[in-house]
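Shown next, in structure tokens, is the structure this report addresses.
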Amino acid sequence: MANFVGSINLGSVLCKHCGNLIDTVDTEKVIIYYSDCLQCNKESSEKEEEKTYEY
Ligand SMILES: [Zn+2]
């Protein structure tokens with residue numbers, strides 16, 4: 001039997017674009033959150049600025 005000492009962060013926050021581990025959160029179950037890392041967030045925001053809207 002494994003003897004767990006202390007708290008283990010089961011929740012992982014991964015970047016949905018590049019898969020990098022952004023952060024870990026203390027949860028009771030294994031949960032994976034998907035978000036944007038700073039680099040991908042920056043790149044996506046730059047792309048949005050290049051978008052043109054036709055009416
Ligand atoms: Zn990323």
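Values quoted throughout were computed directly from the atomic coordinates according to the rules given, and no laboratory measurement underlies them. Computed from a predicted model, the values in this text were never measured in an experiment. We place every Cβ from the backbone using ideal geometry, glycine too, and count neighbours over all the protein chains shown.
Counting only Cβ charges, +1 for Lys and Arg and -1 for Asp and Glu, the dipole size of segment 11-50 around its Cα centre is about 220 debye. Contact order for segment 11-50, expressed relative to its length and based on alpha carbon pairs under 8 Å spaced 6+ residues apart, stands at 40 percent. Ordering 40, 20, 30 by the projection of their Cα atoms onto the charge dipole of segment 11-50, which places +1 on the Cβ of Lys and Arg and -1 on the Cβ of Asp and Glu, puts 30 at the extreme positive end. With distances taken between every two different alpha-carbon atoms, segment 11-50 has a Kirkwood hydrodynamic radius of 10.8 Å.
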